[in-house]
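**Q** Handing you a structure now.
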Amino acid sequence: MRITSVFLLALGVVLSLGLCQGKSYENYKVYQVTPDKEEDLAVLIPWTEKDNVDFWDTTAQPRVMVSPSEQKNFEDFLQKHNLPYSVTIENVQTTIDQEREEKKAYWAAREVSPRHVTDDFQHFWSYDEINSYLRRMATENPQYVTLLPLGETFEGREVLGLRITSPGNDANRPIIYIDATIHAREWIAPMVAVYIIHELAEHTTDHLSVLDNVVWIIQPLVNPDGYEFTYAEDGDRLWRKTRTINENSDCLGVDANRNYDHYWANGVASGECTLTYAGTAPFSVAESRIVRDVVMANVDRMKLYISLHSYGSLFMYPFSSHRNVLPENFRFQHEAGDVFAEALYAVNQTPYQVGNGAGILGVSSGTSKDWTYSGPGIPLSYTLELPRGGTGFDPPATAIEGVVSETFIGIRAIAGFVVERYYPLSVAQKA
């Protein structure tokens, strides 16, 4: 055991030294494929396993990032199969550089160091900023807010969450659990989680209906190791997975949203170098185990689980593991999803599609929402794919406030739905 640990540590050092310059996406292109019929996309399935190809989404008109070495092959393939396409980003590195320059300009305008903790929504927050904010909310609002040390990541980073509810006897209140950033590059996801905290913890009197009657558990960063790596100068802005060392492989990381115990890997684990590598077994990584443990510790009262992702403007219930397979309560889940989507739409007319995961995004196994519904039996279990906006992977920083504020309205509406169905006023008054 000791020999294995020393070996893994040494391997981690070697791999880190090889990344000192950071990952460049110079001349990588993003294609949007626009088939006449959705079923025509089936021929693209083998491309999802290629090392130099990254499907940014798997919708009916997917956007696909392709390295320079594969671009001619990819274009020839699309033309051979009569699949229309356009190039939406000529050079991905340009969009990353622009994002970095905007971040530098933001801090220069504020005349403070990026290490200064702030709680505005004009920039994407770092791991340290998020954790500092969580601690501050628990210190400043102890009647409503409790800090939750949830565990540690593979690289030893602390994973924090908050428990938020009104003072008093909360033993019968339904629990809503929201997590974010299981995929490291999805920077808008933790911003939504933090904004929900901001509203509930700093504007309590505006939201008493969902504080008096709900216990909220909010975890902004499921995958802090990967998130920090996307921020690092010597990192990779589009890194998706954890930073777990995989034995007998030079490739790091597991897609933690393929690591849950529901049709895990569909019986076949993809290679360690693929973006959707599911790990060696269900819950083989610390990050998915932490989410599992939060759910299981609160399973008796947890009624709603939402995992925040980007992108696509989708509100998805189970199942993602199989096409044409719906949960027994799919009408109930769809009804609740419509409550979210309609409330959000009323803010800025941002449309969301509500449906089961495989039907509106594509097949994927081992996802958190499929497990929370099918395993512990959380009746309302969702993946929320936030809007994209802009030309890059995430919305520009200038769009953060619009996205987070409208999303909170939808979240508050579905929380009201939970209260209505699971904690009616007559029960709340007795508590």
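The values are calculated or read from the model by the stated rules, or taken from the named source; none is laboratory data. Source: prediction; values computed, not measured. Here the Cβ is made from the backbone with ideal geometry for all residues, glycine too, and neighbour counts use every protein chain on show. SASA here: full protein model, heavy atoms, side chains in, ligands and nucleic acids out. Shrake-Rupley method; radii C 1.70, N 1.55, O 1.52, S 1.80 Å.
**Q** Taking the 0 to 90 degree range and rounding to the nearest ten, how far is the long axis of helix 188-202 tilted relative to the main principal axis of the chain, both from C-alpha atoms?
**A** Relative to the chain, helix 188-202 is tipped by roughly 10 degrees.
**Q** Just want the answer: with Cβ charges of +1 for Lys and Arg and -1 for Asp and Glu, which residue in His262, Ala397, Ser24 is farthest toward the dipole's positive end in the chain?
**A** His262
**Q** Could you report the chain's accessible area per residue, 1.4 Å probe, as an integer in Å²?
**A** Heavy-atom SASA per residue in the chain reads 42 Å².
**Q** Once you charge only the Cβ atoms, +1 for Lys and Arg and -1 for Asp and Glu, what is the size of the charge dipole of the chain about its Cα centre, to the nearest 20 debye?
**A** 740
**Q** At a 1.4 Å probe radius, carbon and sulfur cover how many percent of the accessible area of the chain?
**A** Details: 9220 of 18300 Å².
Heavy-atom surface of the chain belonging to carbon and sulfur, 1.4 Å probe: 50 percent.
**Q** Which loop GluC sites (Glu not before Pro) in the stretch 315-382, with loop taken from DSSP, have no more than 11 other Cβ atoms within 10 angstrom of their Cβ?
**A** Hits after loop and neighbour filter: Glu328.
**Q** Give me the angle, in degrees from 0 to 90, between the Cα long axis of helix 127-140 and the longest principal axis of the Cα atoms of the chain, rounded to the nearest 10.
**A** Between the helix axis and the principal axis of the chain, the angle is about 0 degrees.
**Q** Restricting to lysines 8 or more places apart or on different chains, can you count the pairs in the chain with Cα atoms under 30 Å from each other?
**A** Number of lysine pairs found: 28.
**Q** Where does the charge balance sit around Ser249 when Lys and Arg score +1, Asp and Glu -1, over other residues with C-beta under 14 Å from its C-beta?
**A** Net local charge, Ser249 excluded: -2.
**Q** Subtract the Cα-Cα distance of Glu140 and Lys104 from 0.36 nm times their separation in residues, and report this length gain in nm to one decimal.
**A** Extra length available between Glu140 and Lys104 comes to 10.0 nm.
**Q** Further, regarding this structure: Students sometimes get this wrong: rank Trp239, Trp107 by accessible area, probe 1.4 Å, all chains present, largest first.
**A** If we order Trp239, Trp107 from most to least accessible, we get Trp239, Trp107.
**Q** Sorted by accessible area with a 1.4 angstrom probe, largest first, how do Tyr352, Tyr305 fall?
**A** The ordering from most to least exposed comes out as Tyr352, Tyr305.
**Q** Let me ask something else. Apply the Karplus curve 6.51 cos²θ - 1.76 cosθ + 1.60, θ = phi - 60°, to the phi angles in the stretch 304-317 and return the couplings in whole Hz, x for Gly and Pro.
**A** Values per residue, Gly and Pro as x: 9, 10, 10, 10, 8, 9, 9, 9, x, 6, 10, 10, 10, 9 Hz.
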